[in-house]
Ligand code: PMP
């Protein structure tokens, strides 16, 4: 796996090997981190980061929920990610910004109260292939409904992408893997369909898209939002509504969305075949449009600025630098 040689830390690019924390770091003990997962894709104009602003806004939202005061603006965080990708020389990669409660080594504090601990900022990047396997995008994956309930939003808010939430995701993922499945789908505390351990979920029913609402303790996925916008543009009706477990078995098509998983069809749930047991036509169409957009081959719905071209912004920066000299 190719890894970016530098990590962005508190405003500077440092060597990968220097991006280390003390074992008494608050986040390690109490899960006090918020993070993002973003992809940069290869395009004809060089690497382009997909929906960078929306991801950095979600990072700021997650931090706000956990009362972390962030000393960087959204624009500065976006610029930091762009600089890291540019410096790495990679044509495509996965970008991981993380903000967490650290350890003040001069004045250490070890309790649950996070306020005395300093806030640390890092962004790393690596080349991450297809999250659920190369073949998955075409042939689909086999999944199960998890025996674990998705965290309830009054315990750990699902609107925040917080490290602690992923203990729940790990229980779901480990159970699925040990059961011979690629992924698990969690139900919420009421028994309605929520999401995968790291993906949102869509059903295709009689030509309509159905997806659980934010109230089902889901992360407000940026790929989810992208697919909703693409579907609407294609004239496909989209409904956000509560979904019973059994409806998963009866749907025509089913797929996951996520930055890592992109748009991955699901061919079976609990060993019950979904539709024809392969990628359905609507899933395929949405996937095709999504991939064209991320590769810069067609504009996003409503011409929205979904791609940040890493080298273009370098040119702009150079131009503005020379302008001020
Ligand atoms: N749900 C969970 C629990 C996730 O971890 C992710 C991945 N970030 C998603 C949904 C999908 O979100 P996005 O499309 O923004 O990556």
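Looking only at segment 189-204, decide whether some residue is within 17 Å of residue 286 (Cβ to Cβ), away from the ligand (no atom under 15 Å from the Cβ) and either in contact (Cβ under 8 Å) with a residue 24 or more places away in the chain or not in a loop (DSSP other than H, G, I, E, B) (or both).
The answer is yes, given that some residue of segment 189-204 is within 17 Å of residue 286 (Cβ to Cβ), away from the ligand (no atom under 15 Å from the Cβ) and either in contact (Cβ under 8 Å) with a residue 24 or more places away in the chain or not in a loop (DSSP other than H, G, I, E, B) (or both).
Looking for whichever is surrounded by fewer than 22 Cβ atoms within 10 Å (Cβ to Cβ), in contact with a helix residue (DSSP H, G or I) (Cβ under 6 Å, 6 or more places away or on another chain) and in a strand (DSSP E or B) here; the options are 257, 264, 308. Which one fits?
Residue meeting the stated conditions: 308.
Any residue at all in segment 165-180 that's assigned to a loop (DSSP other than H, G, I, E, B) and either within 21 Å of residue 244 (Cα to Cα) or within 19 Å of the chain's Cα centre (by Cα) (or both)? Break it down into steps so the answer makes sense when it comes.
The initial filter retains those residues of segment 165-180 that are assigned to a loop (DSSP other than H, G, I, E, B), namely 179-180.
In the following step, the residues that additionally are either within 21 Å of residue 244 (Cα to Cα) or within 19 Å of the chain's Cα centre (by Cα) (or both) were identified as none.
Scanning segment 165-180 turns up no residue that is assigned to a loop (DSSP other than H, G, I, E, B) and either within 21 Å of residue 244 (Cα to Cα) or within 19 Å of the chain's Cα centre (by Cα) (or both).
Given 112, 85, which one is modelled with pLDDT of 95 or more, surrounded by 20 or more Cβ atoms within 10 Å (Cβ to Cβ) and away from the ligand (no atom under 16 Å from the Cβ)? First the steps, then the outcome.
On the way: 112 fails: surrounded by 20 or more Cβ atoms within 10 Å (Cβ to Cβ).
After ruling out the rest, the residue left standing is 85.
Only one residue in 210, 185 is more than 9 Å from the ligand (Cβ to nearest atom), surrounded by 19 or more Cβ atoms within 10 Å (Cβ to Cβ) and free of Cβ contacts under 8 Å to residues at least 60 places away in the same chain, so which one is that? Let's see the steps before the verdict.
Numbers: 185 fails: free of Cβ contacts under 8 Å to residues at least 60 places away in the same chain.
Residue meeting the stated conditions: 210.
Out of 49, 34, I need the residue that is under 16 Å from the mean Cα position of the chain (by Cα), farther than 19 Å from residue 4 by Cβ, in contact (Cβ under 8 Å) with a residue 60 or more places away in the chain and part of a strand (DSSP E or B). Which one? Step through it out loud before you land on a result.
On the way: 49 fails: farther than 19 Å from residue 4 by Cβ.
When all the criteria are applied, what remains is 34.
Give just the number: which of (1) within 16 Å of the ligand (Cβ to nearest atom); (2) more than 24 Å from residue 287 (Cβ to Cβ); (3) touching a strand residue (DSSP E or B) at 6+ places or on another chain (Cβ under 9 Å) does residue 153 not satisfy?
That leaves (3) as the condition not met.
Which condition breaks for residue 270 when tested against (1) modelled with pLDDT of 95 or more; (2) more than 15 Å from residue 184 (Cα to Cα)?
The number of the failed condition is (2).
Can you tell me which residue is surrounded by the fewest Cβ atoms within 10 Å (Cβ to Cβ) among those in segment 268-303 that are assigned to a strand (DSSP E or B) and out of contact with any helix residue (DSSP H, G or I) (no Cβ under 7 Å at 6 or more places or on another chain)? Talk me through it step by step, then tell me what you get.
The initial filter retains those residues of segment 268-303 that are assigned to a strand (DSSP E or B), namely 268-269, 272-273.
Narrowing the set further to residues that are out of contact with any helix residue (DSSP H, G or I) (no Cβ under 7 Å at 6 or more places or on another chain) leaves 268, 273.
On the way: 268: 18, 273: 12.
Here the answer is 273.
Okay, residues lined up against (1) more than 16 Å from the ligand (Cβ to nearest atom); (2) without any contact (Cβ under 8 Å) to a residue 60 or more places away in the chain:
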{"site": "224", "(1), (2)": "no, yes"}
{"site": "233", "(1), (2)": "yes, no"}
{"site": "237", "(1), (2)": "yes, yes"}
{"site": "244", "(1), (2)": "yes, yes"}
{"site": "249", "(1), (2)": "yes, yes"}
{"site": "260", "(1), (2)": "no, no"}
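Let me confirm something: among 146, 153, which residue is within 18 Å of residue 193 (Cβ to Cβ), part of a loop (DSSP other than H, G, I, E, B) and in contact (Cβ under 8 Å) with a residue 40 or more places away in the chain?
153
For segment 55-70, check the following and say yes or no: at least one residue is in contact (Cβ under 8 Å) with a residue 12 or more places away in the chain, more than 14 Å from the chain's Cα centre (by Cα), away from the ligand (no atom under 16 Å from the Cβ) and not in a loop (DSSP other than H, G, I, E, B).
Checked against the condition, which is being in contact (Cβ under 8 Å) with a residue 12 or more places away in the chain, more than 14 Å from the chain's Cα centre (by Cα), away from the ligand (no atom under 16 Å from the Cβ) and not in a loop (DSSP other than H, G, I, E, B), segment 55-70 yields no hits at all.
The values are calculated or read from the model by the stated rules, or taken from the named source; none is laboratory data. What you are looking at is a predicted structure, and each value in this text was computed from that prediction instead of being measured. Counting neighbours? That spans all protein chains shown, and the Cβs are built from the backbone with ideal geometry, glycine included.
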